[in-house]
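K.L.:
The structure's right below; bear with me while I get my questions together.
The values are calculated or read from the model by the stated rules, or taken from the named source; none is laboratory data. What you are looking at is a predicted structure, and each value in this text was computed from that prediction instead of being measured. Reconstructed Cβ throughout: ideal geometry from the backbone, glycine too, with neighbour counts over all protein chains shown.
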Amino acid sequence: MFKNNLYIKALVASFGAFICISLLAYLNISDTTNLWLIPPFGASMVLVMSVHTSPLAQPKNIFFGHTLSALSGVLVYLILDSNPFTIGLAVGLAIFVMITTNTIHPPAGGNPIIAVMGAKSFDFILFPVIAGALIIIAFSLLYNKALKREYPNR
């Protein structure tokens, strides 16, 4: 009935994402001074819960991918303002920075779009980006350890 435990793996991954995103959403509604939840975090959870052995799902990639991508977006916005070309430039810069620092984390590619379109300042990098990335990393370490899965794997 459960071919290769696929359904069990899917339930375990889904439950982990449910817990972590619910925590970030709770913090988001209970803390009226800081934003805690952004859409790219949902995509990060897909990686850390379903393909936790991937290089793209490792803590270094989550932290630096999100942080450097958000920084790219904020800098482009502050220097060049917001228009269709600066949105593209911010994403391109984020990709360049993630590749050259070996911290590729695809969900982080959404951060520069949020930063430029949302006219974000450097505060955006701390809340929600760094704070949220650290919560995702801490949760992923604990959850995977509880499941006796090797994480991080490099």
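K.L.:
I'm checking my understanding of the structure. Among residues of segment 34-51 that are within 21 Å of Phe127 (Cα to Cα), at pLDDT 95 or above and not hydrophobic (A, V, I, L, M, F, W, C), which one is surrounded by the fewest Cβ atoms within 10 Å (Cβ to Cβ)?
P.N.:
Pro39
K.L.:
Do you know which of the residues in segment 3-33 that are closer than 23 Å to Pro128 by Cβ and touching a Leu at 6+ places or on another chain (Cβ under 8 Å) is surrounded by the most Cβ atoms within 10 Å (Cβ to Cβ)?
P.N.:
Leu24
K.L.:
Taking Arg149 as meeting all but one of (1) in contact with a Gly (Cβ under 6 Å, 6 or more places away or on another chain); (2) farther than 20 Å from Trp36 by Cα, write down the number of the exception.
P.N.:
For Arg149, the failing item is (1).
K.L.:
Here are some residues: Phe127, Phe96. Which one is surrounded by fewer than 21 Cβ atoms within 10 Å (Cβ to Cβ), of a type outside the set (Asp, Glu), without any contact (Cβ under 8 Å) to a residue 40 or more places away in the chain and farther than 26 Å from Val12 by Cβ?
P.N.:
Phe96
K.L.:
Under 25 Å from Thr32 (Cβ atoms) and under 13 Å from the mean Cα position of the chain (by Cα): which single residue out of Leu47, Leu134 fits that description?
P.N.:
Being under 25 Å from Thr32 (Cβ atoms) and under 13 Å from the mean Cα position of the chain (by Cα) holds for just one of Leu47, Leu134, which is Leu134.
K.L.:
For segment 133-154, which residues satisfy the criterion of being among the small types (Gly, Ala, Ser) and closer than 13 Å to Ile19 by Cβ?
P.N.:
If the condition is that a residue be among the small types (Gly, Ala, Ser) and closer than 13 Å to Ile19 by Cβ, then Ala138, Ser140, Ala146 are the ones that fit.
K.L.:
Among Ser69, Ser22, Ser82, which is over 17 Å from Ala119 (Cα atoms) and polar (S, T, N, Q)?
P.N.:
Within the list Ser69, Ser22, Ser82, the selection yields Ser22.
K.L.:
If you check Asn144, Asn111, which single one turns out to be touching a residue at least 40 places away in the same chain (Cβ under 8 Å) and closer than 21 Å to Ile29 by Cα?
P.N.:
Testing whether each residue is touching a residue at least 40 places away in the same chain (Cβ under 8 Å) and closer than 21 Å to Ile29 by Cα leaves just Asn111.
K.L.:
If you don't mind, another one. Say whether the condition of being in contact (Cβ under 8 Å) with a residue 60 or more places away in the chain, surrounded by fewer than 22 Cβ atoms within 10 Å (Cβ to Cβ) and over 20 Å from Leu24 (Cα atoms) is met by at least one residue in segment 78-91.
P.N.:
Keep residues of segment 78-91 that are in contact (Cβ under 8 Å) with a residue 60 or more places away in the chain, which gives none.
No, the conditions are met nowhere in segment 78-91.
K.L.:
Which pairs have Cβ atoms under 6 Å, sit 6 or more apart or on different chains, and link a residue in segment 53-77 that is over 13 Å from Thr101 (Cβ atoms) to one that is assigned to a helix (DSSP H, G or I) and among the basic types (Lys, Arg)?
P.N.:
none
K.L.:
Across segment 98-130, what is the total count of residues that are farther than 17 Å from Ala57 by Cα and part of a helix (DSSP H, G or I)?
P.N.:
13
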